[in-house]
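The values are calculated or read from the model by the stated rules, or taken from the named source; none is laboratory data. Just so we're clear, the structure is a prediction, and the values are computed from it rather than from any experiment. All Cβ positions, even for glycine, are placed from backbone atoms using ideal geometry, and neighbour counts span all protein chains on display.
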2 protein chains.
Amino acid sequence: MRVLLIHSDYLKYQTKNKTRIAEELREDQKEGYFTDSLVVFTAVEAEDEEKPQEIVQNVVKEIEDVFSKIKAENIVIYPYAHLSSSLSSPDTAKSVLMEMEKELKNKGYEVARAPFGWYKSFEVSCKGHPLSELSRTVTTQKIPQKPEEGEKEES
Amino acid sequence: MRVLLIHSDYLKYQTKNKTRIAEELREDQKEGYFTDSLVVFTAVEAEDEEKPQEIVQNVVKEIEDVFSKIKAENIVIYPYAHLSSSLSSPDTAKSVLMEMEKELKNKGYEVARAPFGWYKSFEVSCKGHPLSELSRTVTTQKIPQKPEEGEKEES
Ligand SMILES: [Mg+2]
């Protein structure tokens, strides 16, 4: 799994057209507006198929770790296939994203999840401080020692 | 090289702190605001070190291809290390990004390039139509047959 974590003043999205793998939505899920969020752009990868539960546990740890440092108000899980060139099946992706949401909610966070399989317009801001933009590769392995924050310095 | 191409109503950025690999900037480069742009988020990768000129030629072809279909007004090259877990050296990245800018300008496009090696706040919008969000892996190989547009359908 690849994730891009953005500490954001605001994120806004609106669903446009469905793709053939679109999840069914209630009317209130078709658009969203969130402020002071940790936005977790997420690509579920082929290699996550084998042990999706472990991937969920590990990404939740990463999200909690970053969230505790930046003190955002809420978490928004945003499906983002463009972070990987080796994607899981859509079914696995959907279920992993939903499990991430559930797990984080169980831990007491305020969590939203943007719809899977829809074209969406969006606007996002990134605060620009060193921890406001981080990426991680999440595997089933014990999470490796993280490189120094700010390691990706051309962003 | 990994690129994420966003057809954007607007992109705004402002430089914050320098990193140790920051490029020197003129005052007018420290912030930028662009409308109706094709924003090219770009990560130069380790394997691009060998033949950077070919990578530049190939990514320029990809950009021209997408640009011709969406009819944006201008192109913004935006360094984005978070798209890859295997980056080139900062020197190669800088020079590849500058060559992309130069090459596209030579071809007559209106082109801007966001600063390399600075923490930046930014805001970006994505229009949400099927070609408004595409990612590509660019190599020195002949560009492979592209998958159908909209292939990354959970985004
Ligand atoms: Mg991105």
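Checking each residue in the stretch B:87-128 for being under 16 Å from B:Tyr10 (Cα atoms) and more than 7 Å from chain A (Cβ to nearest Cβ) picks out B:Glu110, B:Val111, B:Ala112, B:Arg113, B:Ala114.
Here B:Lys71 clears all of (1) surrounded by 14 or more Cβ atoms within 10 Å (Cβ to Cβ); (2) modelled with pLDDT under 95; (3) under 18 Å from A:Ser121 (Cα atoms) except the condition numbered (1). For A:Asn106, the conditions (1) surrounded by fewer than 16 Cβ atoms within 10 Å (Cβ to Cβ); (2) touching a residue at least 24 places away in the same chain (Cβ under 8 Å) are fulfilled apart from (2). Selection of first residues in the stretch B:1-24 that are farther than 30 Å from B:Gln141 by Cβ and of second residues that are at pLDDT 95 or above and aliphatic (A, V, I, L, M), restricted to Cβ pairs under 7 Å at least 6 apart or on distinct chains, gives the following pairs, ordered by first then second residue: B:Leu11/B:Val39; B:Leu11/B:Val76; B:Leu11/B:Val124; B:Tyr13/B:Ala114.
Condition first: part of a loop (DSSP other than H, G, I, E, B) and either within 14 Å of chain B (Cβ to nearest Cβ) or aromatic (Phe, Trp, Tyr) (or both). Now tell me which residues in the stretch A:53-86 satisfy that. Steps first, answer last, please.
The first filter runs over the stretch A:53-86 and keeps only residues part of a loop (DSSP other than H, G, I, E, B), leaving A:71-73, A:80, A:84-86.
Selection gives A:Tyr80, A:Ser84, A:Ser85, A:Ser86.
Could we say that A:Thr15 is within 14 Å of another protein chain (Cβ to nearest Cβ) and surrounded by fewer than 23 Cβ atoms within 10 Å (Cβ to Cβ) here? Show your work before the answer.
On the way: within 14 Å of another protein chain (Cβ to nearest Cβ): yes; surrounded by fewer than 23 Cβ atoms within 10 Å (Cβ to Cβ): yes.
In short, yes.
Take B:Ala46 and decide whether it is more than 16 Å from the ligand (Cβ to nearest atom), more than 10 Å from chain A (Cβ to nearest Cβ) and within 15 Å of B:Thr140 (Cβ to Cβ).
On the way: more than 16 Å from the ligand (Cβ to nearest atom): yes; more than 10 Å from chain A (Cβ to nearest Cβ): yes; within 15 Å of B:Thr140 (Cβ to Cβ): yes.
Yes, satisfied.
With respect to A:Glu50, is the statement that it is in a loop (DSSP other than H, G, I, E, B), over 27 Å from B:Phe41 (Cα atoms) and in contact (Cβ under 8 Å) with a residue 40 or more places away in the chain true? So that I can check it myself, show each step before the final result.
On the way: in a loop (DSSP other than H, G, I, E, B): yes; over 27 Å from B:Phe41 (Cα atoms): yes; in contact (Cβ under 8 Å) with a residue 40 or more places away in the chain: yes.
Yes: the conditions hold for A:Glu50.
Exactly one residue among B:Ser121, B:Ser132, B:Ser125, B:Ser84 is within 16 Å of the ligand (Cβ to nearest atom) and modelled with pLDDT under 95, and that residue is B:Ser84.
Filtering the stretch A:18-35 to residues that are farther than 12 Å from A:Lys120 by Cβ and loosely packed, with under 15 Cβ neighbours inside 10 Å leaves A:Arg20, A:Glu24, A:Arg26, A:Glu27, A:Asp28, A:Tyr33, A:Thr35.
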